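One structure below.
The values are calculated or read from the model by the stated rules, or taken from the named source; none is laboratory data. The shown structure was predicted, so the numbers you read here are calculated from the model rather than taken from an experiment. Cβ coordinates were reconstructed from backbone atoms using ideal geometry, including for glycine residues, and neighbour counts include every protein chain displayed.
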């Protein structure tokens with residue numbers, strides 16, 4: 001029997017987590033350092049400064065120890081009080097996740113039924129805000145990885161700001177892969193994650209908070225938040241404990257990996273990084289079309305970070321995915337909800353955004369089709 005540890009590691013072509021590059025792995029292999037002290041506070045601060053550049057902001061950035069969903073719950077729970085009205089358009093599975101979180105913390109959620117596999121339009125959001133004039137916030141998913149779909153966040157944020165509501169943006173699967181211009185677009189709270197387009201390990205969710213959002217946190221009303229997932233708790237730690245700039249133990253090794261990933265991103269250049277993701281996506285989309293596949297989302301709304309693909313009638317998706325992993329060491333993702341068993345998804349994040357990996361995937365898929 002062969003030893004599975006002797007095989008080359010599987011390359012992840014999923015919408016997260018991602019396979020990370022050698023520099024990130026080297027950073028993870030360093031001895032564990034304590035989550036306090038002058039040296040650590042300097043490292044934490046430098047990572048937050050680098051992330052501010054990626055967020056496109058001069059506002060506060062903090063690193064939440066947890067998944068992207070933790071940062072999103074923190075955002076809604078810290079700025080809003082029980083029974084506050086919030087609009088969350090149903091643009092896909094992760095918008096529905098936001099709705100579930102919002103209801104769990106006691107918010108009054110208004111949804112927008114968006115056409116299947118289509119982005120939210122400016123007019124749809126305007127209509128919802130007119131129907132619900134008491135809305136305090138709108139929560140929007142930038143990139144729906146279940147579909148490989150991008151929502152027009154810039155114009156949607158303008159609509160929300162004009163209505164006087166806060167904008168909370170789920171950029172969990174877009175931060176570092178496409179433009180996020182928090183200050184210019186008027187985003188009030190923006191949540192990301194390390195283990196997707198930033199090309200870093202699992203464990204940390206960056207969160208950027210505007211001055212307008214802080215005013216909502218401090219407006220004197222009792223909020224939905226408890227202690228840990230509370231922006232006020234994290235701000236207090238960062239301002240009163242300079243050598244321990246977060247309220248609890250932090251995943252220092254993960255931050256080291258994130259720091260290495262950010263160094264690479266900023267050295268390559270943010271615009272060049274966006275182009276790398278876009279080029280990988282364009283090649284996958286054109287290559288799969290040449291092999292006879294149909295894509296789920298029209299090019300006008302398609303994500304450069306994830307591609308959802310219909311399987312031909314004769315293709316068994318589970319068999320195809322298993323064959324790719326077992327024979328070629330490539331792991332892609334299945335599909336959700338109405339697309340389950342009918343489609344698959346290819347991520348263009350981390351190592352999977354490198355053209356050599358893209359060509360390897362397309363060659364393997366062609367071989368599968370020709371069997």
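The criterion of being within 18 Å of residue 67 (Cα to Cα) and within 21 Å of the chain's Cα centre (by Cα) holds for residue 256. Taking region 26-112 and the helices (runs of 4 or more DSSP H) fully enclosed by it, the elements with 2 or more residues that are over 17 Å from residue 200 (Cα atoms) and touching a strand residue (DSSP E or B) at 6+ places or on another chain (Cβ under 9 Å) are at 68-79, 93-104. If you go through region 334-356 and keep only what is in contact with a helix residue (DSSP H, G or I) (Cβ under 8 Å, 6 or more places away or on another chain), crowded, with 19+ Cβ neighbours inside 10 Å and either within 25 Å of residue 274 (Cβ to Cβ) or not assigned by TED's automatic domain parsing to the domain that holds residue 289 (or both), you end up with 344, 346, 348, 349, 352, 353.
Residue-by-condition table, conditions (1) in contact (Cβ under 8 Å) with a residue 24 or more places away in the chain; (2) under 16 Å from residue 84 (Cβ atoms); (3) in the same structural domain as residue 79 (by TED's automatic domain parsing):
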| residue | (1), (2), (3) |
| --- | --- |
| 193 | yes, no, yes |
| 202 | yes, no, yes |
| 219 | no, yes, yes |
| 230 | yes, yes, yes |
| 233 | no, no, yes |
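Only one of 147, 120, 156, 125 is out of contact with any helix residue (DSSP H, G or I) (no Cβ under 7 Å at 6 or more places or on another chain), crowded, with 17+ Cβ neighbours inside 10 Å, modelled with pLDDT of 95 or more and in the same structural domain as residue 90 (by TED's automatic domain parsing); which? Checking each option against the conditions leaves just 147. Being out of contact with any strand residue (DSSP E or B) (no Cβ under 6 Å at 6 or more places or on another chain) and either surrounded by fewer than 22 Cβ atoms within 10 Å (Cβ to Cβ) or assigned by TED's automatic domain parsing to the domain that holds residue 52 (or both) is a description that does not apply to residue 187. Under 8 Å between Cβ atoms, at least 6 apart or on separate chains: pull out the pairs that start in region 284-312 with a residue that is at positive phi and end on any residue that is outside any loop (DSSP other than H, G, I, E, B). The qualifying pairs are 292/369. Take the conditions (1) part of a loop (DSSP other than H, G, I, E, B); (2) within 24 Å of residue 42 (Cβ to Cβ); residue 219 misses just one of them, which is (2). Only one entry in 308, 318 is surrounded by fewer than 16 Cβ atoms within 10 Å (Cβ to Cβ) and either modelled with pLDDT of 95 or more or in the same structural domain as residue 197 (by TED's automatic domain parsing) (or both), namely 318. For region 235-252, check the following and say yes or no: at least one residue is farther than 14 Å from residue 65 by Cβ and touching a strand residue (DSSP E or B) at 6+ places or on another chain (Cβ under 9 Å). Among the residues of region 235-252, at least one is farther than 14 Å from residue 65 by Cβ and touching a strand residue (DSSP E or B) at 6+ places or on another chain (Cβ under 9 Å), which makes the answer yes. Go through the residues of region 28-47 one by one and say whether even a single one is in the same structural domain as residue 201 (by TED's automatic domain parsing), free of Cβ contacts under 8 Å to residues at least 40 places away in the same chain, more than 25 Å from residue 234 (Cβ to Cβ) and over 19 Å from the mean Cα position of the chain (by Cα). Yes, because at least one residue in region 28-47 is in the same structural domain as residue 201 (by TED's automatic domain parsing), free of Cβ contacts under 8 Å to residues at least 40 places away in the same chain, more than 25 Å from residue 234 (Cβ to Cβ) and over 19 Å from the mean Cα position of the chain (by Cα). Scanning region 236-258 for residues that are in a helix (DSSP H, G or I), surrounded by fewer than 20 Cβ atoms within 10 Å (Cβ to Cβ) and in contact with a helix residue (DSSP H, G or I) (Cβ under 8 Å, 6 or more places away or on another chain) yields 252, 253. For region 329-359, a tally of residues being in contact (Cβ under 8 Å) with a residue 24 or more places away in the chain and within 19 Å of residue 17 (Cβ to Cβ) returns 20.
Filter region 104-117 down to the residues that are within 16 Å of residue 72 (Cα to Cα) and either touching a helix residue (DSSP H, G or I) at 6+ places or on another chain (Cβ under 7 Å) or not assigned by TED's automatic domain parsing to the domain that holds residue 77 (or both) and list them by number. Residues satisfying the conditions are 105, 107, 109.
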